[in-house]
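Scroll down for the structure; my scribbles are underneath it.
Here, each number is a calculation from the coordinates, and none is a lab measurement. Bear in mind the structure is a predicted one, so any value in this text is a computation, not a measurement. All Cβ positions, even for glycine, are placed from backbone atoms using ideal geometry, and neighbour counts span all protein chains on display.
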């Protein structure tokens, strides 16, 4: 489904249908789910009908339904450019290690 083509109200209805589907699949009544989420039953009813509710309400309901995995879409992964990667590799290249104890034992040659 192309969500970019849907109106805001259609998306709210999709979210409401999603919540209702998972509530019923988990055999929870609206009263049970609303109580567990810390919201009123009427607010949950509004959400399921696709009405406007606060974002925190949606998060609370999805948490109780164990449906927060969609938040992974909002994770920001840190990427590194190929040039920066090469610069880091150069910095980490092995450098020659001098043994200062040997240098003290062997005085510099005369020539």
Under a crude label model (7 Å from the Cα following the beta-carbon direction), how far is residue 28 from residue 92 in nanometres?
4.4 nm
Along Cα→Cβ, 7 Å out, is where each label goes; now give me the distance between the ones at residue 7 and residue 21 in nm to one decimal.
2.2 nm
Contour excess over end-to-end distance, with Cα ends at residue 35 and residue 85 and 0.36 nm allotted per residue:
12.9 nm
